[in-house]
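Visitor: The following block contains the structure, expressed as structure tokens.
The values are calculated or read from the model by the stated rules, or taken from the named source; none is laboratory data. Computed from a prediction, not measured in an experiment: that's the story for all the values here. Cβ: placed from backbone, ideal geometry, glycine included. Neighbour counts: every protein chain shown. Just so you know, the surface numbers come from the protein's heavy atoms only, side chains and all, with ligands and any DNA or RNA stripped out. Shrake-Rupley method; radii C 1.70, N 1.55, O 1.52, S 1.80 Å.
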Amino acid sequence: MGNKLARTTQASPTEYYLNDLPSEFNLVLKEVIGKSERFFKAILCVHDEGLLLVKVYFKRGDVLDLREHARKLNEIREQFRNVENSHVWPFQRWHETDKAAYLLRQYFFSNLHERLSTRPFLSTIQKKWLAFQLLHAVKQSHDRGDIKCENVLVTSWNWIYLTDFASFKPTYIPDDNPADFSFFFDTGGRRRCYLAPERFYDPKTESPVSPGGALKPSMDMFSLGCVIAELFLEGQALFDLSQLLGYRKRLYDPLPSLEKVWLFCGSKCFFFVRILLMNMILQMIHVVPESRLSCDDYLETWAYDVFPSYFSPALHNLFSCLTRTMDLESDSRVALIQSSFSEIRSLMIRDAKDKSFSADCLDKELRITSPSPPLQRKSRSSHAQTQHDLLTDINLLLKDSKSSIQHTKHQSDSSVSDRFTCSYRLKAAAVKMAEVAPKHDEEFKEEIRKSKVPTHEGMVLIASALCACLRHVKLPFARRAAVQLLYNASVLCDDDARLQLIVPFVAALLSDSAAIVRCAALQTLCNVLSMVQTFSPSDAKVFPEYIFPLLSMLPDDPEESVRICYADCIHKIAGTAYRFLVSQSSEGGSEELNEKSRSAGFTTELAQLRETIGRIIHDLVMGQKQTPTIRRALLEHIAPLCEFFGKKQCNDFLLPVLPAFLNDRDKQLRALFFEQIVHVCIFVGEVSSEAYLLPYLEQALSNVEEPVIVNALECLAALCVYKLLKKRVLLKTVERASPLLCHPSQWVRRAAITLVAASGSNLSVADAHAYLIPLLLPFLRREPLSISSEAALLACLKPPVSRDVFQRVLSNVMLTSNSTEAATERPKPRQRVPDATFGHGRTPMMKIPLQRNVPDFEDGEKLKAMEGYIRNLSSTMHSWDLENPEKMDASATGAGIPLYSRPPTDRRRSIYGRTPSHETSTEPAFDAFNKFLKSSAGSDSRWRPRGVLVSHLHEHQRAVNQVAVSSDNSFFTSASDDGTVKVWDCRRLERSTSFRSKLTYSFGQNERVLCLAMLSPDQQVAAASSAGEIRVLCVDYIAREGNVPERYSGISNVRRTDAQEGSVLALQAFGGMLLYSTQKNGLHLWDFREQRDAWLLKAKPEQGYVSALAADPSRHWLVSGTSRGVLTLWDLRFQVQVYSWRLPSCHPVEAMCVPVGSSLPRPFVYVAAGRNEVAVWNVENGNCQQILKSAVQSNGTSFVANLQPWGRRTGPKQQHQEASKLSDYKVEELSDPPPRIPGVRALLPTTAGASVITGGTDCRIRLWDHLRPETSYCICGPTVKNAPPFRYCRKRFEDLSRLMEVALAAVDMAGCHRDSITSLAAASQLLISSSRDGTIKVWK
């Protein structure tokens, strides 16, 4: 009574398995993975350092003494601790409690049994690679005892480990009781047996054997043979328990099962290699233990015939290095792979050639029929030597990475990532991976395309290693380099590896955070897919179901570069998708499916594919994020897209979007449109070309861009060649293009001749003389011998109209048309407009005033014949000017608009901080400048260098570009093209005879240091290189105090930046920050304390690159000078451009500086441009105040004569006419830049502003005194024999003051410069100068 059943409670898995472990283990149960095991229970746990596998042994019955087993486990761990190229992974820790024993090791994602059934499936070469590693693993592990597929761990980069060394399992078990086998060895319950036959004994007939007897190497070799056989049999076991017992008694033959290796090895595996592989496995599982060889014997005698020669030592040591660098970042692993990629690829190709079908292969085939193993090879010195060199390079990188890790561990313990930072060399290699592929890689790819180099499937091993590292690479440049290496590897891989391995990993990077990685992934994805020729039926719909959904986000990508790359690759995507669809249609249908239904399905899928591609093109061309560059990238491959769409779909998809290309005002896009439109015309045929595309071509003949006109003419000529123009249309086209035969541009004239010749060849002789010759007679001196010969037409052509005359006539037409439009706005009585005829057409138009500004009668006749073309061109230019009043691109006349973005007027507030008064217009310009000079000269110390040479410094190997002096005049620095910055002591210049630099800092051999700037009051100097990098260097200088001498201890880099805009061309300190200009016309103010730009200004590219800067000392304004002689005034308070003007000489601005003075009434700037000339400009109103000119003449032309229109303020209309002479870059200027004009290269204003020191290409240093010109003199320079006396004088031209050197200065200076002077600086009472020959001279 009152009895109740006890309530049973089931413990949780954590309590059941981990309850006895101490808390210091800190394990959290995640999953029980070994539920079917009887001997051990395997569980997966989470630890602070990752996942752990814990094997639990629960004690049963009598308590066992496990101390002996613990001792053996400890011996195994210590034995394997220092194994080189390790393939063994023992238990790392164990613990025993009263109830259980625990074995712990790191968890691996998959073992060999699981990897065989996981996609992507192992290829034949991967299986050989794993079998090769298994031989090394058994060699390292000695007596293993329990080798099976579950105990072979496989990493993501196909490196294997033997694990779970079970010294506690019995060596011998009885054959009549399977209980021991099931308890100890059948852990998976699959009844597969890997034990050697001799490990079983019959207790009835054989003598008793101790279960704990010693293991023999032959036993492990039998187990290894079973594992290798299962590897090549796609997971099918060679023996189960009953079969192995029958094999032990000679009752079972495994040869029929082993013959399936023929099927699974594939056709790419050579015949003799498969025979050798079967013989090797048969010898490993020989029933007689003495017949089995050791691992060393198999590696020495069989490895070269069964496995590729590059497996050892090259590939094996490379993967070993990747494994040993597990503490490093994945960036370092990618760097290691890249450093050895070319060598490995060469070894693979050499191995493929050596093992080709030849007579030697047949001899091997005959030899392997014998059961004995092949003879050991006598010599492999050539392969070993090549692979040894590769191994040496890898070990050097690995050694450097280890030392870097140890150094980092001692330096900082801030974070885990810092402790595992890769070395500088490895990071440098990762950064270099962003560079363009080497030339030999490109040659190799070209040979692959031409089928000169045999492909090799071994590259899939490198690809798998790259894919394993790809997800964890941190640097964007390293990720892009890894993707590029994947493409190089895919060239040698088979189609299955490309689709199953490379494509998924590359496609995953389409959503990467870095734009350069997304671009590289997209290009690689398109290239890899285009190489695929054969694929399985399951991969037939990879494009509609996998690729296109991934690419759907690219048209809206925030980075323009990605969208450009997408537009550049869309033709490859379309062509590859079409090829996949055709292959699927030809191979995918069953025999029962009739041809008609199959064709209907193909048509439907093809229509869907074309609709998808058409929608992508529409989004790229017409979307909200379209740009001219995207359209250009798409237009460059319009021909393959036409082939993809077909004739009908071209009219539906492509022709409707073509007007969008012409609506864009980008001149490069319009020129490319008429260059590529010929493919569309040829493809769509005569009717569509005449209806849709011919009007665009005719309109282009009156375009303002010469490249557009040329491409349109060449397109029309191609249409004539392909006979796509009717005779009526052809004659009308030639009539419109004939005036271009006298165009000022030779490029346009040759294109027009090509069109006329093509038209003549397309017409009969009678039609050519009846229709073509009358159209061409106004432009020909005589009738040509053959109307279809370009040479004959060119010989008969009249001289072209000069560009100057053409510009003046066109300007008159534009002015006349503007006045006519203004007059038509007022009501007036109707008047009859005179008619003018053009050719045979009767088109009423306005008469052009040709008699004005026409030099001769012949030009007038030609211009009258070009009347219709000039009128159309003027209307086109007028419409462009109305649409964009601030800027008009360079026209066919070679003229542009003013560079003024806002004309200077008195209504604006002066950027100098005050409103201009009425005195500005009444007071002469040079009077204001002289007032400033006189006020500044009051405190002038009258420092005048005498030209006495103090020091001659010649340590630089190349040109010295700039020198800069510290704020306390204690030292100065120099920057040179040899890539170094040197520090010199100013206080020892006059005392030391053998003077040398104190410190040297090197940028590198391939960089040139172009600019310097001293940062005060700190002892820091900023240096800029030709690579665009700016480094702030700290000079460790200890001044002299008492008996402590001064000392220079070192120079170090404390800050650096790179604007990624090319070379830095100008650099100067700017109020505690750095102001610099770049090659891509960027003006940056870099706050190096916050490591970012305070502001960024962009100059116009058509004005040339910014070559010089001059900043206001109060930091209100800035003047920039360009390579095309354009000065621009910037308001730094609002970071806007005020206005620009061009120097009359149009020469590049070499140097600029601001006069030094306490108070400047006007913003004056010294500008060195032209032949030995320095001008003083008032940037407030754009007027020239004074000119300093040496005795060297500038081609006999007076500078003042050219300067006269620019020295005075003019009205808006005159400003527009003068500025119309400015032009955009021409093809001649880009292909052949003008030579650099000799002149002044360095400027140095004196402390009070009354004088300036100049130096230039004539190797002379001059001091110019504005107030007293007669006191100006030449400080130093080369001696001129029989030179007359020289003097300096001032001449006045209206409101312009000109200070001239009347004759050459005959100065006898033995120590003067022998090359162009590049820089000037002043330190106390010393003058420092540098020259292009690498010398520095100090004067007093």
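Visitor: Based on what the data block shows, is residue 308 of a type outside the set (A, V, I, L, M, F, W, C), within 15 Å of residue 351 (Cα to Cα) and touching an Asp or Glu at 6+ places or on another chain (Cβ under 7 Å)?
Guide: Details: of a type outside the set (A, V, I, L, M, F, W, C): yes; within 15 Å of residue 351 (Cα to Cα): yes; touching an Asp or Glu at 6+ places or on another chain (Cβ under 7 Å): yes.
Answer is yes for this residue.
Visitor: May I ask you to say which residue of 1191, 1201 is of a type outside the set (Asp, Glu) and at pLDDT below 55? Even if it seems obvious, please write down each step before you answer.
Guide: Details: 1191 fails: at pLDDT below 55.
Result of the check over 1191, 1201: 1201.
Visitor: Need pairs with beta-carbon distance below 9 Å; first residue in contact (Cβ under 8 Å) with a residue 24 or more places away in the chain and over 28 Å from residue 252 (Cα atoms) and within the stretch 286-305, second open to solvent by 40 Å² or more (accessible area, probe 1.4 Å) and part of a helix (DSSP H, G or I); sequence gap 6+ or separate chains.
Guide: Pairs found: 296/139; 299/139.
Visitor: To continue, here is another question. Is it the case that some residue within the stretch 93-105 is closer than 21 Å to residue 321 by Cα, touching a residue at least 40 places away in the same chain (Cβ under 8 Å) and not aliphatic (A, V, I, L, M)?
Guide: First, pick out the residues of the stretch 93-105 that are closer than 21 Å to residue 321 by Cα: none.
No, the stretch 93-105 has no match at all.
Visitor: Please find, within the stretch 276-307, the residue that is modelled with the lowest pLDDT out of those that are open to solvent by 40 Å² or more (accessible area, probe 1.4 Å) and acidic (Asp, Glu).
Guide: 300
Visitor: When the residues of the stretch 184-205 are narrowed to those that are modelled with pLDDT under 80 and over 20 Å from residue 152 (Cα atoms), which ends up most open to solvent (accessible area, probe 1.4 Å)?
Guide: 204
Conditions tested, residue by residue: (1) among the small types (Gly, Ala, Ser); (2) surrounded by 20 or more Cβ atoms within 10 Å (Cβ to Cβ); (3) under 34 Å from the mean Cα position of the chain (by Cα).
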position: 1088; (1), (2), (3): no, no, yes
position: 1095; (1), (2), (3): no, no, yes
position: 1102; (1), (2), (3): no, no, yes
position: 1106; (1), (2), (3): no, yes, yes
position: 1111; (1), (2), (3): yes, yes, no
position: 1114; (1), (2), (3): yes, no, no
position: 1118; (1), (2), (3): no, yes, yes
position: 1121; (1), (2), (3): yes, yes, yes
position: 1150; (1), (2), (3): no, yes, yes
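Visitor: Quick test for you: out of 676, 668, pick the one residue that is in contact with a Ser or Thr (Cβ under 9 Å, 6 or more places away or on another chain), open to solvent by 10 Å² or more (accessible area, probe 1.4 Å) and closer than 17 Å to residue 567 by Cα.
Guide: Sole residue among the options that is in contact with a Ser or Thr (Cβ under 9 Å, 6 or more places away or on another chain), open to solvent by 10 Å² or more (accessible area, probe 1.4 Å) and closer than 17 Å to residue 567 by Cα: 668.
Visitor: Can you say whether residue 705 is more than 24 Å from residue 570 (Cβ to Cβ), open to solvent by less than 20 Å² (accessible area, probe 1.4 Å) and of a type in the set (D, E, K, R), as far as the supplied structure shows? Full working, then the answer.
Guide: Working: more than 24 Å from residue 570 (Cβ to Cβ): yes; open to solvent by less than 20 Å² (accessible area, probe 1.4 Å): yes; of a type in the set (D, E, K, R): yes.
Yes, satisfied.
Visitor: List the strands (runs of 3 or more DSSP E) that sit entirely inside the stretch 1097-1175 and contain at least 1 residues that are over 23 Å from residue 1266 (Cα atoms) and among the basic types (Lys, Arg). If you could, list the steps in order and put the result at the bottom.
Guide: On the way: elements: 1106-1111, 1117-1122, 1126-1131, 1136-1142, 1149-1153, 1164-1169.
Counting at least 1 such residues, we get 1136-1142.
Visitor: Among (1) open to solvent by 80 Å² or more (accessible area, probe 1.4 Å); (2) touching a Lys or Arg at 6+ places or on another chain (Cβ under 8 Å); (3) under 14 Å from residue 499 (Cα atoms), there is one condition residue 527 misses while meeting the rest; what is its number?
Guide: Every condition holds for residue 527 apart from (1).
Visitor: Next question, about the same structure. Residues that are modelled with pLDDT of 85 or more, surrounded by fewer than 17 Cβ atoms within 10 Å (Cβ to Cβ), among the aliphatic types (A, V, I, L, M) and not in a helix (DSSP H, G or I): does the stretch 249-267 have at least one?
Guide: Taking every residue of the stretch 249-267 in turn, at least one turns out to be modelled with pLDDT of 85 or more, surrounded by fewer than 17 Cβ atoms within 10 Å (Cβ to Cβ), among the aliphatic types (A, V, I, L, M) and not in a helix (DSSP H, G or I).
Visitor: If you don't mind, there's one more thing I want to ask. Based on what the data block shows, is residue 770 assigned to a helix (DSSP H, G or I), small (Gly, Ala, Ser) and open to solvent by 50 Å² or more (accessible area, probe 1.4 Å)? I'd like the intermediate steps shown before the answer.
Guide: Values: assigned to a helix (DSSP H, G or I): yes; small (Gly, Ala, Ser): yes; open to solvent by 50 Å² or more (accessible area, probe 1.4 Å): yes.
Yes: the conditions hold for residue 770.
Visitor: So, of the residues in the stretch 1322-1336 that are open to solvent by less than 10 Å² (accessible area, probe 1.4 Å) and in a strand (DSSP E or B), which turns out to be modelled with the lowest pLDDT?
Guide: 1323
Visitor: Just need a number here: residues in the stretch 611-626 that are modelled with pLDDT of 90 or more and in a loop (DSSP other than H, G, I, E, B).
Guide: Selection size over the stretch 611-626: 0.
Visitor: Being open to solvent by 30 Å² or more (accessible area, probe 1.4 Å) and either among the β-branched types (Val, Ile, Thr) or not in a loop (DSSP other than H, G, I, E, B) (or both) is the filter here; which residues of the stretch 1015-1033 pass it?
Guide: Kept after step one, since they are open to solvent by 30 Å² or more (accessible area, probe 1.4 Å), are these residues of the stretch 1015-1033: 1016-1020, 1027.
Hit for the stretch 1015-1033 is 1020, nothing else.
Visitor: OK, next. For the stretch 819-831, state whether one or more residues are part of a helix (DSSP H, G or I), in contact with a helix residue (DSSP H, G or I) (Cβ under 7 Å, 6 or more places away or on another chain) and either surrounded by fewer than 16 Cβ atoms within 10 Å (Cβ to Cβ) or at pLDDT 65 or above (or both).
Guide: The first filter runs over the stretch 819-831 and keeps only residues part of a helix (DSSP H, G or I), leaving 819-824.
From the residues that got through so far, the ones that are in contact with a helix residue (DSSP H, G or I) (Cβ under 7 Å, 6 or more places away or on another chain) too are none.
Taking every residue of the stretch 819-831 in turn, none turns out to be part of a helix (DSSP H, G or I), in contact with a helix residue (DSSP H, G or I) (Cβ under 7 Å, 6 or more places away or on another chain) and either surrounded by fewer than 16 Cβ atoms within 10 Å (Cβ to Cβ) or at pLDDT 65 or above (or both).
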